[in-house]
Amino acid sequence: LHGNFSWDKYLKEQGAVAAPDECFKQWMDEPPVNEFSKDMKLEACDPRNLTSICVATVVGLQGARLRLRLDGSDNKNDFWRLVDSSDLHPIGYCESHGGLLQPPLGFRMNPSCWPTFLHRTLNGAKIAPDRCFKEEPPTPRGNHFMVGQKLEAVDRKNSQLICPATVGGVIGDQIHVTFDGWRGAFDYWCRFDSRDIFPVGWCALTNHPLQPPGNKGVPTYKASKLMKEADLMLTCVYVNTGCYCGGFLNPRK
Ligand code: MLZ
């Protein structure tokens, strides 16, 4: 149970099933413990420039996820990563692998200031210890998702949020994540092994807030019964193909 939202009740109401745990690239038996704390520094791939590894600071924590800000960038490009993400490393990783720490895309200062900035930002900083970094879970062998199955998914437009969702489509290695109770503006396609999708119950297990479904478009059991009755009354409806229909006639809304 999460606030007022209960998956058990919701799945029954919807007559839906959860996607099996094995579909996901997530630890379910032993979900990762978040041992980071605020202000700790680590190395992270720059999400806007994946080939560079930068210094990042933990600016927030939620369940097994970290809100990160790249040192030298502004506060408009924060991003979230799981503590078992392969994008994260302890300070010193880059150097010990023959690489150089890079300024983030959009570095606030002159690039010539980078070496001094790097030195200062790490000097006396709270360094995240090795034990904070958890092993990445194994990748499922293939895409075993099926249309209609429920899951929990990061809302990529509000990436601090994890919300109830439904598999709306499956093509090859991709699944269509559709958010329950929202009209489609937040939906996206992703690979079956995306780290942004979780089995039903993952938020509860890792103590991460789960948003309740929106109030648009996923009819409750009661509403769908009413809609079926309405269907029986309207034997035929002609819709001009150029018209935009509301949720009643357009199943995509
Ligand atoms: N405040 C935003 C949040 C939407 C979250 C949707 N998640 C699927 C809005 O109302 O647009």
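Descriptive notes on the structure:
- Qualifying residue in the range 63-74 (condition: closer than 21 Å to residue 136 by Cα, at pLDDT below 95 and in a loop (DSSP other than H, G, I, E, B)): no
- Residue 134 of a type in the set (Lys, Arg), away from the ligand (no atom under 16 Å from the Cβ), in contact (Cβ under 8 Å) with a residue 24 or more places away in the chain and outside any helix (DSSP H, G or I): yes
- Taking the numbered list (1) assigned to a strand (DSSP E or B); (2) within 29 Å of residue 174 (Cα to Cα) in turn, residue 32 passes all entries but (1).
- Residues that are within 16 Å of the ligand (Cβ to nearest atom) and either of a type in the set (Lys, Arg) or in a loop (DSSP other than H, G, I, E, B) (or both), drawn from the range 151-184: 155, 156, 157, 158, 159, 160, 161, 180, 181, 182, 183, 184
- Look at the range 4-15: where a residue is under 14 Å from residue 200 (Cα atoms) and a partner is modelled with pLDDT of 95 or more, sitting 6+ places away or on another chain with Cβ atoms under 6 Å, you get 5/212; 7/200.
- Scanning the range 104-116 for residues that are surrounded by 16 or more Cβ atoms within 10 Å (Cβ to Cβ), of a type in the set (S, T, N, Q), in a loop (DSSP other than H, G, I, E, B) and away from the ligand (no atom under 16 Å from the Cβ) turns up nothing.
- The range 185-200, subset surrounded by fewer than 17 Cβ atoms within 10 Å (Cβ to Cβ) and more than 10 Å from the ligand (Cβ to nearest atom), residue nearest to residue 64 (Cα to Cα): 191
- Hits in the range 203-213 - residues which are within 16 Å of the ligand (Cβ to nearest atom) and not in a loop (DSSP other than H, G, I, E, B): 203
- First in the range 163-185 and over 14 Å from residue 144 (Cβ atoms), second anywhere and of a type in the set (S, T, N, Q) and modelled with pLDDT under 95, Cβ under 6 Å, 6 or more apart: 181/215
- Yes/no for residue 36 being touching a strand residue (DSSP E or B) at 6+ places or on another chain (Cβ under 7 Å) and not aliphatic (A, V, I, L, M): yes
The values are calculated or read from the model by the stated rules, or taken from the named source; none is laboratory data. All values derive from a computational prediction rather than experimental measurement. FYI the Cβ positions are ideal-geometry reconstructions off the backbone, even for glycines, and counts take in every protein chain you see.
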